[in-house]
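To start, the structure itself, in structure tokens.
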Amino acid sequence: MVLPAPGPALARSAAPADLVDAAVAGSPRALARLISLVEDASPQLREIMALLAPRTGRAQVIGLTGSPGVGKSTSTSALVGAFRARGLRVGVLAIDPSSPFSGGALLGDRVRMQQHATDPGVYIRSLASRGHLGGLSWATPQALRVLDAAGFDVVLVETVGVGQAEVDIASLADTTLVLLAPGMGDGVQAAKAGILEIADVFVVNKADRDGAEHTYRELKHMIALTGPAGGQRWQPPVVKTVASRSEGVDEIVDAIVDHRAWMVERGVLDARRRRRAADEIEQIALTELRARMGGLRDATLLDALAGEVVAGALDPYTAAERVIASMTASATGGGTIIG
Ligand SMILES: Nc1nc2c(ncn2[C@@H]2O[C@H](COP(=O)(O)OP(=O)(O)OP(=O)(O)O)[C@@H](O)[C@H]2O)c(=O)[nH]1
Ligand SMILES: [Mg+2]
């Protein structure tokens, strides 16, 4: 799903600073390279993220989640159009938690996004995480940083609502859209899956289908049961759409704008972003520790400690403390990411 990339070719060995400059100047090729480095958890990321940091913090991150086939990609594409009509630059990250090797080959999505393929104000990319312990929860915030620093005003993150993925996306986004469609028993599913807690805006898509009104009412009812809005409590609006005809999409944008204004007024946006940064720091630290732990596995220290624990000469807590102490002592020794 990478755009055709005009402009000068970048040498394979381009230095991080050159890549960052090119991405900031709008080169889709440089963006693609940077995000591939994220997917591969390249050792160059540390330098790259340091270069990107002063440029970040501007993009508005909007998550879209929902069951397979509810119309997330169609809605994403329609939203891209709506934001472009407002003169904003839009990035799209399509997360595929099911396939770590999709490598951008989501064919259906490519077709749906085709109308934006030649627009230089739009960058669309699917994200996979290759061979890294932190997986997509590690890669996604880093990819967001790349698009944020490259000057995209809005970044839409699409992920299928299965298991942990939708919760992860909610913790990443400023505003989370949860999509439902009629006839999927979604109302009940929503309550079960805890979707009520993560949605900032509900979208009942496929409103052209029978049962849309029923799904809409059921949702409204469930939201009402959670209690009235007020104080720090936002009550998610429900928007009906026919994404395939771009109907109702302006109403989604209005809801996003309202939600943002509400968050800014109460300091909620800042709190969300701090929590997001804290999660990101934790992910990177844990990934680094796991990498060092992996290094230790072959090392004599762990083996020696294990021998002592088996012999009853040492308890496992004390042994673990020694392992952690040795990792911290080797902090300048280098790991895969922080080294
Ligand atoms: N009738 C109707 N069909 C729609 C609407 N929006 C999307 N579709 C169709 O629903 C199908 C699935 O749409 P997608 O946008 O691929 O759904 P998705 O949620 O991205 O699907 P996955 O990424 O596979 O989970 C496609 O055939 C769309 O054309 C709508 O508002 N009405
Ligand atoms: Mg999709």
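Observations, loosely collected:
- Only one of Ala22, Ala11 that is away from ligand 2 (no atom under 16 Å from the Cβ), surrounded by fewer than 15 Cβ atoms within 10 Å (Cβ to Cβ) and either hydrophobic (A, V, I, L, M, F, W, C) or modelled with pLDDT of 95 or more (or both): Ala11
- Count of residues meeting criterion [of a type in the set (Val, Ile, Thr), within 15 Å of the chain's Cα centre (by Cα) and more than 9 Å from ligand 2 (Cβ to nearest atom)] in segment 57-80: 3
- Applying the set (1) modelled with pLDDT under 95; (2) over 23 Å from the mean Cα position of the chain (by Cα); (3) charged (D, E, K, R) to Glu247 leaves exactly one unmet item: (1).
- In segment 47-60, the residues that are closer than 15 Å to Arg276 by Cβ reach residues that are part of a helix (DSSP H, G or I) and aliphatic (A, V, I, L, M) with C-beta atoms within less than 6 angstrom, at least six apart or across chains, in these pairs: Thr56/Ala149.
- Restricted to segment 264-335, the set of helices (runs of 4 or more DSSP H) holding at least 3 residues that are at pLDDT 95 or above and at negative phi comprises 300-310, 316-329.
The values are calculated or read from the model by the stated rules, or taken from the named source; none is laboratory data. Owing to the predicted nature of the structure, the values given are computational and were not obtained by experimental measurement. Cβ atoms come from the backbone with ideal geometry, glycine included; neighbour counts cover every protein chain shown.
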